[in-house]
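The values are calculated or read from the model by the stated rules, or taken from the named source; none is laboratory data. All of these numbers come straight from a predicted model, not from anything done at the bench. FYI the Cβ positions are ideal-geometry reconstructions off the backbone, even for glycines, and counts take in every protein chain you see. Keep in mind that these areas ignore ligands, DNA and RNA; they rest on the heavy atoms of the full protein, side chains included. Shrake-Rupley method; radii C 1.70, N 1.55, O 1.52, S 1.80 Å.
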Amino acid sequence: MSSHPAAAPGPETATPLHTLAPELTFPQFERATPFDPPEAYTELSGRCPVAPVRMADGKPSWLITSFEGVRAALSDPRLSSDMSHPGFPNRTGKPVDDLLKDTLGAMDGERHRYYRRMLTGELTVRRAKAMRPVITQITDEALDQLAAAGPGADLVKHVALVVPSRVACHLVGIPLSEYELFTGMAAKLMEATSSADQIAALQDMVSYFDKLVTDREHHDRDDLLGHMVRRYLSTGELTREMLIRLAWTTMAAGQETTAHMIGLGVAALLRHPDQLELLRREPHLMPGAVDELMRYLPMIQFGIPRVAMDDVEVDGQTVTAGEGVVALPPLANRDPAVFERPDELDVRRNARQHLSFGYGPHQCPAHALARLELEVVYSRLLERFPTLRLADGDADLKVQDEDIMYNVSELAVAW
Amino acid sequence: MVRVNLDRDRCYGLGQCVLAAPDVFDQDDEGIAWLLVEEPRPEQHDEVRQAAMACPRQAIGVAD
């Protein structure tokens, strides 16, 4: 479509976003198949990789669906994560979530870097690798529960929702005996529907972490909280309030995301028996298969929002200062310019550069740990249950297709 | 000959390079990457290029 702004050369042809007719409302949820992105995006992506869309609050934003566009947007310092900016895309139609104010995800530049480095040291590749035995043990215990429940058992309940929470507890330093206390608090926080409920849930969470921090002030503990208390709280580089915020947001970020990748990933493998068979025959393919599943499965439903602080060109389209953009990794991960046969699940392909962990300074700092968890869970599951199959055969999967992360809410398996 | 250049000031400590090319990159206590070798062997060239591609901060240069 030659008249489209995305096809126009050079910034001199910049058209203000508010003068354009939106191509779509965002987000879209309707899917033709359980493992493909909503069809409306796919059609739009090929025609217009940076397209005007209407957000839930009625305001316009640019939707970015190309691989290069998403990478450019998420690595450009002129595109800000400041969610209190009036131009910041509002994806849910609700007022800005107070909970997330002044968390790492909402910071920019040097301030972001200052706090972020305190976390990355806890999440290096070496640290992740050192956790393999613990992850394996936690996984095997979950698989015992699955086996004990017998054929027809729900993999989401027994494995997907259990392993990432337990691993996160171990990492941060929450005693396993208090694991259910923590997940209960986290669920309350996420499910709160009024701001009063949310404030109460947050207070519970903060006072719980405050006790853990006090413990580390009196005892050396070899966990994330212990290290951060010793290295940054005791030196004054970190306030108690910020330490607690970093700790609980890290825990919260690592749970549902990984859990849903376990459920959806196993569903995808069981629905692609040729790929599953390949992994059984050649288990060394599993690390690559983890990246391929992350590339292929369209989990991120609401995209990654930014607001332009200056005029910025993104994949041929000028974004004017003050305008919002939403980067959509699931579409970028299907960009035929980067991935051949993008709509095929192919565990042999090199999919390492997928954008499901985001890109740029805000890329998921726990990617190495998440990758390892998925590798261990998928591998142990296939070893333990060589005849694993979907208990309901070809029946429709029970998907939650309007959640923040697309997921299967239940996955009955048999063996 | 291939020469690798790493801008530690850009690095955000994500370790994508360590996953891609574990014999060429490592991370310090704060996650910031450092180079184990500046001139990787021919069989490492492919993974070094992958590391450069995967770096979310575009902090790795590979010169032929």
Solvent exposure of the protein assembly as shown as accessible area per residue, Å², 1.4 Å probe
43 Å²
Taking the highest mean first, how do the peptides A:131-141, A:159-169 order by number of other beta carbon atoms within 10 angstrom per residue?
A:159-169, A:131-141
Per-residue average of Cβ from other chains inside 10 Å of A:117-129:
6
For peptide B:6-18, the mean count of other chain Cβ atoms within 10 Å per residue Cβ is 5
Ellipticity estimate at 222 nm from DSSP helix runs (n ≥ 4, -39,500 (n - 2.57)) divided over chain A, nearest 500
-13000 deg cm²/dmol
Long-range HN-HN contacts of residue B:27 with modeled amide H, under 5 Å
B:34
Relative to the present Cα-Cα distance, how much length would full extension add between residue A:148 and residue A:56 at 0.36 nm per residue of separation?
28.6 nm
Quick one: 3J(HN,Hα) in Hz for the range A:16-32, Karplus 6.51/-1.76/1.60 with θ = phi - 60°, rounded, Gly and Pro as x.
x, 4, 5, 8, 8, 6, x, 6, 8, 9, 10, x, 9, 10, 6, 10, 7
Keeping the other protein chains in place, figure out the carbon and sulfur percent of the accessible area of chain A, with a 1.4 Å probe.
52 percent
Largest first, what is the accessible-area ranking of A:101, A:211 with a 1.4 Å probe?
A:211, A:101
Given the alpha-carbon gyration tensor of chain A, what are the semi-axes of its equivalent ellipsoid in whole angstrom, ordered largest first, with each equal to the square root of 5 times an eigenvalue?
34, 29, 19
With a ≥ b ≥ c the root eigenvalues of the C-alpha gyration tensor of the range A:267-365, is it rounded (a/c under 1.5), prolate (a/b larger than b/c) or oblate?
prolate
Interchain or long-range residues, amide H under 5 Å from residue A:63's placed H:
A:51, A:53, A:326
Need one word for the range A:111-152: rounded, prolate or oblate. Basis is the Cα gyration tensor (sqrt eigenvalues a ≥ b ≥ c); a/c below 1.5 gives rounded, then a/b vs b/c decides.
prolate
For the pair B and A, how large is the buried accessible area, both sides, in square angstrom to the nearest 100, if the probe is 1.4 Å?
2200 Å²
Which of A:328, B:5, A:84, positive extreme of dipole for the protein assembly as shown (C-beta unit charges):
B:5
Radius 15 Å from Cβ of residue A:290, net charge of other residues (Lys, Arg +1; Asp, Glu -1)
+2
With the label point 7 Å along the Cα-to-beta-carbon line of residue A:383 and a cut-off under 11 Å to each amide N, the hits in the range A:136-151 are A:136-137, A:140
Principal-axis tilt of helix B:45-54 within chain B, Cα atoms, nearest 10 degrees
30 degrees
Specify whether the C-alpha gyration tensor of chain B places it in the rounded, prolate or oblate class, a ≥ b ≥ c being the square roots of the eigenvalues: rounded for a/c under 1.5, otherwise prolate if a/b is larger than b/c and oblate if not.
prolate
So if each residue of separation counts as 0.36 nm, and I subtract the Cα-Cα distance between residue A:241 and residue A:210, what length gain in nm does that give?
10.3 nm
Mean other chain Cβ within 10 Å across A:70-77 is 1
Of all beta bridges DSSP finds with both residues in the protein assembly as shown, what is the antiparallel percent, to the nearest 5?
85 percent
How much of the accessible area of the range B:3-63, in percent, comes from carbon and sulfur atoms when a 1.4 Å probe is used?
45 percent
